[in-house]
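Below is one structure, written out as structure tokens, with a few remarks after it.
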Amino acid sequence: MTYETTVFIVDDDQEVRDALQLLMESVGLRVQAFSSAQAYLDQFDPELPGCLVLDVRMPGMSGLDLQAKLVEERLHPPIVIITGHGDVPMAVRAVQAGAVDFVQKPFNDQALLDSVHRALSRDAEQRGEASRLQDIQGRFNRLTPREQEVLELVIAGKRNKVIAADLGISQSTVEAHRAKVMEKMEANTLSDLMRMMLALETE
């Protein structure tokens with residue numbers, strides 16, 4: 001299923017929400033607006049692409065609290081922080097915690113749109129990388145247990161002769177397994193294979 005990229009606005013001030021929504025829609029962006037952090041969390045779906053435009057100071061759960069909650073749940077929608085003049089230190093903390101940017105009220109329309117587009121680009125990059133890793137994991141899962149053993153020894157730098165001795169099989173069998181590993185992993189070179197496995201290990 002394909003989802004439409006959306007800018008999620010969370011601000012307790014209706015005038016600000018309305019102004020932000022009009023601005024985003026004026027450049028063709030799809031918008032969903034929420035009056036509280038909890039309202040946003042209640043409908044949050046990690047499958048929905050987009051970014052979060054978040055007021056740092058709100059009654060109840062603050063913007064920083066919401067950001068911390070998302071990080072705790074290992075959810076990372078790119079965030080643009082909206083802050084009042086006196087809340088800059090809070091916004092800086094949000095950026096240090098992973099927010100893409102912060103924009104002060106009264107915000108410059110173009111500066112905010114630029115920040116939102118950066119956040120949307122980051123979301124697309126993150127989703128592309130997640131899809132690539134999922135694809136690599138799927139290929140790895142198609143390997144037989146023996147092929148996985150051979151793969152681990154190959155990327156450890158062991159020669160076919162040593163792998164054969166370690167596993168108690170013939171060198172020609174190792175070569176056959178190795179060829180199957182390259183085919184199933186869709187790797188053209190040993191370097192390709194090593195990069196794939198490194199990506200999975202660092203995930």
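Just one residue in the set Ala130, Ala165 is over 30 Å from Phe34 (Cβ atoms) and either without any contact (Cβ under 8 Å) to a residue 12 or more places away in the chain or β-branched (Val, Ile, Thr) (or both); that residue is Ala165.
Among the residues of the range 84-104, those identified as of a type in the set (D, E, K, R) and assigned to a helix (DSSP H, G or I) are Asp87, Arg93. Residue check: is Phe107 in a strand (DSSP E or B) and buried (at least 17 other Cβ atoms within 10 Å of the Cβ)? No: the conditions fail for Phe107. Of the numbered criteria (1) surrounded by fewer than 22 Cβ atoms within 10 Å (Cβ to Cβ); (2) within 20 Å of Thr6 (Cβ to Cβ), the one Val116 fails is (1). Close contacts from the range 23-46, counting a first residue that is free of Cβ contacts under 8 Å to residues at least 60 places away in the same chain and of a type in the set (A, V, I, L, M, F, W, C) and a second that is surrounded by 15 or more Cβ atoms within 10 Å (Cβ to Cβ) and assigned to a helix (DSSP H, G or I), with Cβ to Cβ under 6 Å and a gap of 6+ residues or different chains, come to Val31/Gln21; Val31/Met24; Ala33/Arg17; Ala33/Gln21; Phe34/Tyr40; Ala37/Leu66.
Among the residues of the range 8-53, write down those that are part of a helix (DSSP H, G or I) and touching a Leu at 6+ places or on another chain (Cβ under 6 Å). Result: Ala37, single match.
Going through the range 130-146 one residue at a time, which ones are in a helix (DSSP H, G or I) and of a type in the set (A, V, I, L, M)?
Across the range 130-146, the qualifying residues are Ala130, Leu133, Ile136.
Let's see how each residue does on (1) at pLDDT 95 or above; (2) buried (at least 17 other Cβ atoms within 10 Å of the Cβ); (3) assigned by TED's automatic domain parsing to the domain that holds Asn108:
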{"site": "Val10", "(1), (2), (3)": "yes, yes, yes"}
{"site": "Glu15", "(1), (2), (3)": "no, no, yes"}
{"site": "Leu22", "(1), (2), (3)": "yes, no, yes"}
{"site": "Glu25", "(1), (2), (3)": "yes, no, yes"}
{"site": "Gln32", "(1), (2), (3)": "yes, no, yes"}
{"site": "Gln43", "(1), (2), (3)": "no, no, yes"}
{"site": "Val53", "(1), (2), (3)": "yes, yes, yes"}
{"site": "Gly60", "(1), (2), (3)": "no, no, yes"}
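Checking every residue in the range 62-70 against the condition of being small (Gly, Ala, Ser) and in contact with a Leu (Cβ under 7 Å, 6 or more places away or on another chain) gives at least one match.
The values are calculated or read from the model by the stated rules, or taken from the named source; none is laboratory data. This one's a predicted model, so the numbers in the text were calculated from it and none came from an experiment. Cβ coordinates were reconstructed from backbone atoms using ideal geometry, including for glycine residues, and neighbour counts include every protein chain displayed.
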